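A quick write-up on the structure given underneath.
The values are calculated or read from the model by the stated rules, or taken from the named source; none is laboratory data. Note that the structure is a prediction, hence the values are computed from the model and not measured. Positions of Cβ are generated from backbone atoms using ideal geometry, with glycine treated the same way; all protein chains shown enter the neighbour counts.
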Amino acid sequence: MTTSNPILKKLGLAPDDRAVVLHVDDMGNMQGTVDAYGELLDAGVISSAAVMVPCPWFPAAAEFCRAQASHPNLDMGVHLTVTSEYSGYRWGPISTSDRQSGLLDDDGYMHGLAAPFQRQAAVAAVRQELRAQIERALAAGIDITHIDSHMGSLFHPKFINDYVDLALEYNVPAFLPREVDMFLFEEAHADLMARIPQWEERGLPLFDFATILPLNEATNRRETLFRILGSLPPGLSYLMLHPTKDTPELRQVSPVDWPCRVADYETFRDPALRQSVEAQGLHVIGMRDLRDLMRGGEN
């Protein structure tokens, strides 16, 4: 990081403070995510989440958000989804079934990986799909706090401008970095780096660092968490986790990494965890805090 992130000052923090968003990915992709989020919301440790609108459990997630609309910890964005990664559990676009859009694979679902999506998808069709997902979330009664990108699929020169433009249009933050030295942005590094000053000048809060609780080792989860938190640099960081309750659906759909998803749920159930995190000198914030800054402090 070469300069202090201006968002720190707006948050009332010092230039060398460390702030972190503890973010739940993949809300609504399976039933266990909805139940897990409900418990973690009450625990008060996590500070943000994002829902996958095209997925089968989106209606249940939306119903939960409506029922908990007054909950002080509710902070729900849209996990913009253009890929469908599970071989036996698929979903498709909500805006079109036209194969000419490039949004569908040979089986009629979204592409399983980011690369074929990025090669084949038409920019206009992607823009239409992203808008449709945001609008469906709003229509379902979700007070969206931000947008982000499932599997980093939109972090590509073809689609990044529309991603940013939609965030500004809806006056919500988009998950974006100030430094492009993270796994989501390995491709098209120079092109994306050149756009960072423009994004910041347009009023988007940007992150200095992003990482993920790994999905390949479920043991010693708390120790792994604190090792990651201890390594976070000064500035604004974003830690992704995937908490899910242990269900037959989860084990069937995600047979490799389900233990890690359950471990995230178990780890973040402890209400005392937040005090332990803050004792590390970290300021836990939510995406709602960043949205309020964009909107001049309005709730």
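Quick notes
- In segment 250-260, the residues that are surrounded by fewer than 20 Cβ atoms within 10 Å (Cβ to Cβ) and of a type in the set (A, V, I, L, M): Val253, Val256
- Hits in segment 145-171 (condition: buried (at least 22 other Cβ atoms within 10 Å of the Cβ) and farther than 21 Å from Ser84 by Cβ): Thr145, His146, Ala167
- Looking across segment 222-249 at every residue that is assigned to a loop (DSSP other than H, G, I, E, B) and of a type in the set (Ser, Thr, Tyr), the one that is surrounded by the fewest Cβ atoms within 10 Å (Cβ to Cβ) is identified as Ser231.
- Scanning segment 261-271 for residues that are crowded, with 23+ Cβ neighbours inside 10 Å and either in contact with a Cys (Cβ under 9 Å, 6 or more places away or on another chain) or not small (Gly, Ala, Ser) (or both) yields Arg261, Asp264, Tyr265, Phe268.
- First in segment 99-111 and free of Cβ contacts under 8 Å to residues at least 60 places away in the same chain and farther than 17 Å from Met151 by Cβ, second anywhere and of a type in the set (Phe, Trp, Tyr) and in a loop (DSSP other than H, G, I, E, B), Cβ under 9 Å, 6 or more apart: none
- Filtered residue count, segment 38-57, keeping only those that are touching a residue at least 60 places away in the same chain (Cβ under 8 Å) and either assigned to a loop (DSSP other than H, G, I, E, B) or in contact with a Lys or Arg (Cβ under 9 Å, 6 or more places away or on another chain) (or both): 11
- Count of residues meeting criterion [part of a loop (DSSP other than H, G, I, E, B) and among the acidic types (Asp, Glu)] in segment 6-37: 2
- For beta carbons closer than 8 Å, sequence separation of 6+ or different chains, a first residue in segment 10-25 that is under 27 Å from Val78 (Cβ atoms) and a second that is aromatic (Phe, Trp, Tyr) and not in a strand (DSSP E or B), the qualifying pairs are Leu22/Phe268; Val24/Tyr37.
- Residues located in segment 149-205, provided they are of a type in the set (Val, Ile, Thr) and either at pLDDT 90 or above or under 22 Å from Ala125 (Cα atoms) (or both): Ile160, Val164, Val172
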